1. Can you tell me the accessible area per residue over the chain, all protein chains present, probe 1.4 angstrom, in square angstrom?
2. How are the Cα pair distances of the stretch 26-76 distributed, in percent, across 10 Å bins from 0?
3. On C-alpha positions alone, give me the angle between the axis of helix 2-31 and the longest principal axis of the chain, in degrees, nearest 10.
4. Let me know the volume per residue of the alpha-carbon convex hull for the chain, in Å³.
5. What is the angle, in °, between the Cα long axis of helix 65-87 and the longest principal axis of the Cα atoms in the chain? Nearest 10 is fine, range 0 to 90.
6. Using only Cα atoms, find the angle between the long axis of helix 37-61 and the longest principal axis of the chain, and express it within 0 to 90 degrees, rounded to the nearest 10.
7. Once the whole set of protein chains is in place, how much accessible area is left on residue 10, using a 1.4 Å probe, in Å² to the nearest 10?
8. So, taking all protein chains as they sit and a 1.4 Å probe, how much accessible area belongs to residue 114, in Å² rounded to tens?
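The values are calculated or read from the model by the stated rules, or taken from the named source; none is laboratory data. Everything numeric here is computed off the predicted structure, so don't read it as measured data. Keep in mind that these areas ignore ligands, DNA and RNA; they rest on the heavy atoms of the full protein, side chains included. Shrake-Rupley method; radii C 1.70, N 1.55, O 1.52, S 1.80 Å.
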Amino acid sequence: AQSDIRREGSFAITSALSVSALVGGLMWAVEGPGIRLPAIVVILVTPVVLVGDVLRYIAIAEGRPQIAARWDGVWFVGSAALLGAAWLHLPVATTVYLLGGWAVLALIVLAGMLFAVRVAPRLGQYRDWIADGWQGRLRDGAESGLMQTTLFALLLFVAVLVSPGVVATLLGAAALL
């Protein structure tokens, strides 16, 4: 039912924000006072990207895939422009500017998704929600983590055998697709 999708989605947004804060805090703690601007941008924008992803899944589950497709299209065009700037070695294609462009793009997509989907984080009954289905979420998270670890190992293998440039090209192509 639509109300169940929105309820699950609101708890998923809360989880995305919580995990982002935890990981960002760990990054900050590990790096300490020497943390650099690119890491700060990643820490600040990660929750924006994750919440946008949750909103995308909510829209699709509600039977409104056109919303997800529209904002995925915006993400695609922006990502293609950033990748093009990097490939062309434009003066703005520095790490900080590319991350800044990514941040602006993420904020635009999040704003559009929030306006269209209108689901917010939910704290009430969050503990009950966690306790109710933690086994399934743990299983799904472990499966996703294993897939990402396998991808990392594969890309590391390609980087060692071929070159890091090939890995960067593969990741850029995957981001566009």
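1. Details: 11280 Å² over 177 residues.
So the chain comes to 64 Å² accessible per residue, rounded to a whole number.
2. Cα pair-distance distribution for the stretch 26-76, in percent: 23, 35, 21, 18, 3.
3. For 2-31 against the chain, the angle is about 40 degrees.
4. Values: hull volume 25.3 nm³, N = 177.
It comes to 143 Å³ per residue, whole-number rounded.
5. Approximately 20 degrees, to the nearest 10.
6. Tilt relative to the chain: about 50 degrees.
7. Number for this one is 10 Å².
8. 70
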